[in-house]
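Participant: Structure in structure tokens, see below.
The values are calculated or read from the model by the stated rules, or taken from the named source; none is laboratory data. Predicted model only: the values in this text are computed from it and were never measured. Neighbour counts run over all protein chains shown; Cβ positions are idealised from the backbone, glycine included.
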Amino acid sequence: MSVTSISPQQLSQAVQSGRKVELIDVRTPVEFREVHVEFARNVPLDQLDAAKIAAGRNGATEPLYVICRSGNRAQQACEKLIAAGHGNVVSVEGGTQAWDQAGLPVVRGQKTISLERQVRIAAGSLVLVGALLGYFAHPYWIGLSAFVGAGLVFAGITDTCGMGLMLARMPWNRVPTPSSDSSKSCDANAAGASCCR
């Protein structure tokens, strides 16, 4: 079953028309804190529990909308939900970036470095360190650069990013869960991402 999608404008019109819309944002809590759609709730992709989502919907027949940064993680989340038996899930085209660029209302918080940029910084640093150590210390260090390059190729082919998963769990990518705003985050201290977007 293929994943259906909706444009940010169409979803906004549905909300303005008074339809009950449930939107989950599958980005990391830090990304969610930086900017998110007003009525979205954060359920990081690695914390997505299809059974828990179904139980929380109490048999609702309206679509479950899924959004991320640019669309890739939302697509993966929809596929995961469909595989678990949820047929009425819809991905928001272009993600939060497209929503924001369309001038639709968002909540803005603390600015952060996106997970995609963190992966590029880490991968580039490891390749550079491997090359420098290979030149100045011992040629075996070039293997570090080769390992990172192979990891990037694997990430591109499989559309999964192990480095992104590791970086999403780092302390700087965690958000303390305020007790008064538990509805906005599934588990803010258990961040995760299946890709770098």
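Participant: Would you say Gly130 is surrounded by fewer than 19 Cβ atoms within 10 Å (Cβ to Cβ) and over 24 Å from Ala50 (Cβ atoms)? Spell out how you get there, then give the answer.
Facilitator: Working: surrounded by fewer than 19 Cβ atoms within 10 Å (Cβ to Cβ): no; over 24 Å from Ala50 (Cβ atoms): yes.
So Gly130 does not fit the description; no.
Participant: Related question: Give me a count of the residues in the stretch 1-19 that are within 20 Å of Leu81 (Cα to Cα) and modelled with pLDDT under 95.
Facilitator: Adding up the residues that qualify gives 4.
Participant: Let me ask something additional. So, Asp46, is that one acidic (Asp, Glu), under 14 Å from the mean Cα position of the chain (by Cα) and at pLDDT below 95 or not?
Facilitator: Details: acidic (Asp, Glu): yes; under 14 Å from the mean Cα position of the chain (by Cα): yes; at pLDDT below 95: yes.
It is true that Asp46 is acidic (Asp, Glu), under 14 Å from the mean Cα position of the chain (by Cα) and at pLDDT below 95.
Participant: Working carefully through the options Arg120, Arg108, Arg41, find the one that is at pLDDT 85 or above and closer than 30 Å to Val148 by Cβ. Steps first, please.
Facilitator: On the way: Arg108 fails: closer than 30 Å to Val148 by Cβ; Arg41 fails: closer than 30 Å to Val148 by Cβ.
After ruling out the rest, the residue left standing is Arg120.
Participant: Would you say Ala137 is modelled with pLDDT of 90 or more, buried (at least 18 other Cβ atoms within 10 Å of the Cβ) and not acidic (Asp, Glu)? Walk me through it before giving the result.
Facilitator: Numbers: modelled with pLDDT of 90 or more: yes; buried (at least 18 other Cβ atoms within 10 Å of the Cβ): no; not acidic (Asp, Glu): yes.
Taking the combined requirement at face value, the residue does not satisfy it.
Participant: How many residues are of a type in the set (Gly, Ala, Ser) and crowded, with 16+ Cβ neighbours inside 10 Å when one looks only at the stretch 152-163? Steps first, answer last, please.
Facilitator: In the first step, residues of the stretch 152-163 are kept if they are of a type in the set (Gly, Ala, Ser); the result is 155-156, 162.
Remaining after also requiring crowded, with 16+ Cβ neighbours inside 10 Å: 155.
Count: 1.
Participant: Please work out which residue is farthest from Gln9 (Cα to Cα), limiting yourself to the stretch 28-49 and to residues that are in a loop (DSSP other than H, G, I, E, B) and acidic (Asp, Glu). First the steps, then the outcome.
Facilitator: To start, the set of residues in the stretch 28-49 that are in a loop (DSSP other than H, G, I, E, B) comprises 28, 38-39, 43-44, 48-49.
Those left that are additionally acidic (Asp, Glu): 38, 49.
On the way: Glu38: 14, Asp49: 28 Å.
Going through the qualifying residues, I end up with Asp49.
Participant: In addition: Looking only at the stretch 98-126, which residues are surrounded by 17 or more Cβ atoms within 10 Å (Cβ to Cβ) and either within 15 Å of the chain's Cα centre (by Cα) or touching a residue at least 40 places away in the same chain (Cβ under 8 Å) (or both)?
Facilitator: Within the stretch 98-126, Ala98, Trp99, Asp100, Thr112, Ser114, Leu115, Glu116, Gln118, Val119, Ala123 meet the criteria.
Participant: Taking into account only those residues within the stretch 50-63 that are in a helix (DSSP H, G or I) and not small (Gly, Ala, Ser), which is nearest to the chain's Cα centre (by Cα)?
Facilitator: Result: Ile53.
Participant: Hey, another quick one. Output the qualifying pairs, or none if there are none: Cβ atoms under 8 angstrom, residues six or more apart or on different chains, first residue in the stretch 76-92 and part of a helix (DSSP H, G or I), second residue of a type in the set (Asp, Glu).
Facilitator: Between residues of the stretch 76-92 that are part of a helix (DSSP H, G or I) and residues that are of a type in the set (Asp, Glu), the close pairs are Gln76/Asp159.
Participant: Let me ask something else about it. So how many residues does the stretch 13-65 have that are buried (at least 19 other Cβ atoms within 10 Å of the Cβ) and not hydrophobic (A, V, I, L, M, F, W, C)?
Facilitator: Total meeting the criteria: 12.
Participant: If I filter the stretch 11-25 for residues that are touching a residue at least 60 places away in the same chain (Cβ under 8 Å) and under 30 Å from Pro171 (Cα atoms), do I get at least one hit?
Facilitator: Just the residues of the stretch 11-25 that are touching a residue at least 60 places away in the same chain (Cβ under 8 Å), to begin with: 11-12, 23, 25.
If we keep only those that are under 30 Å from Pro171 (Cα atoms) as well, we get 23, 25.
Yes, the stretch 11-25 has at least one match.
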